[in-house]
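Below is the structure I would like to discuss, written out as structure tokens.
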Amino acid sequence: MDRARRLDKVAVAHLVSRFEDTRPAAVADRAEVMEALADREPGAVVGVTGTPGSGKSTLIARLTHDLLADDPGLTLAVLAIDPSSAVSGGALLGDRTRLRGGHGGERLFFRSQASATELGGLSPSAFQVVRLLARLFDAVLVETVGIGQSEADIRHLADRVYLVLQPLGGDEVQFLKAGIIEIPDRFVLNKSDEPAAETSYHHLKGSLGLARPFDEELPPVFRTSARTGDGVADLVVALRDDIAAHRRGHEREAEREGYFLARWVDDEWGRQGRTHLHAALGGPGALLDEAGDFDAAQQHFDRSVRAALGPA
């Protein structure tokens, strides 16, 4: 644990593997780790999502480089959700290659995970791993797998969500459709060195007022090119400000736990589990309050629903 606190990559990777473990025996292990890290305030969680091919990975590689160069005391973790291999079921590790190079030393940690056919843009264990990394690093950047218009789980995991788009990714009608366009706190039009970028930028800006009519202030739109570096400095400033402004970790952490506990119940027990969670246990918030933490709540629910169902 001391090595992980010092951000030794091998030690952190070992802990991450324990938080990816879905076996019941791993629950107590995770609880022990979280108790040992309870004295550390959770860091900011920033989601970076967008359509396939928008350049999220390349942009994140440049952003992490510049953020660490600007602030010698900053520590960052990147969790990249990759498409699952149809053959092995594992992650296709192209993103790992892009971030290779060792910039930042122990201050930068990278982990890729397979999406495992999850439809929300995250992996099944993404929440568990973010719980851990947020206790070790100042900020965790979560790059979702390339998503469509309706997958928006990242809003329940991240404090801030950046949506990365690309020119010619669709006409202005796409910007008006409900779904992912309603989620982001910041928009990034990447590949803005392309000739079509100016038109796409004005379509997006013009559409936001119609797509998000209830926003008091529309989110900003950054124009960047991860290839040339144009506009990246402005995005780095916004990211740095979001990380520095992060002051509500415990409150946000409780919201995350409630949402992902309900998701776990749904995945493991379906409609019958959802009914039991709310009717017998008062919902995810009440269960978490009674159990004390996420892992204990899972164990409590498992015992409770099995007792209610009776002998097999």
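Quick one: in the stretch 213-261, of everything that is closer than 30 Å to ARG274 by Cβ and among the basic types (Lys, Arg), which residue is surrounded by the fewest Cβ atoms within 10 Å (Cβ to Cβ)?
Out of the qualifying residues, it is ARG248.
I'd like to verify a number: residues in the stretch 17-39 that are assigned to a helix (DSSP H, G or I), in contact (Cβ under 8 Å) with a residue 24 or more places away in the chain and out of contact with any Ser or Thr (no Cβ under 9 Å at 6 or more places or on another chain), how many?
Number satisfying all stated conditions: 7.
If you don't mind, there's one more thing I want to ask. Look at ARG212 and say whether it is among the basic types (Lys, Arg) and at pLDDT below 85.
The answer is yes for ARG212.
Out of everything in the stretch 62-87 that is closer than 20 Å to LEU122 by Cβ and part of a loop (DSSP other than H, G, I, E, B), what residue ends up being modelled with the lowest pLDDT?
Ranking the qualifying residues of the stretch 62-87, first place goes to ALA86.
List the helices (runs of 4 or more DSSP H) that sit entirely inside the stretch 213-312 and contain at least 3 residues that are acidic (Asp, Glu), out of contact with any His (no Cβ under 8 Å at 6 or more places or on another chain) and free of Cβ contacts under 8 Å to residues at least 40 places away in the same chain.
Qualifying helices (runs of 4 or more DSSP H): 249-279.
Check whether at least one residue in the stretch 40-49 is within 16 Å of PHE294 (Cβ to Cβ) and surrounded by 15 or more Cβ atoms within 10 Å (Cβ to Cβ), and report yes or no.
Yes, the conditions are met somewhere in the stretch 40-49.
The values are calculated or read from the model by the stated rules, or taken from the named source; none is laboratory data. Everything quoted here is computed from the prediction, not taken from an experiment. As a convention, Cβ positions derive from the backbone with ideal geometry for all residues, glycine included, and neighbour counts pool all protein chains shown.
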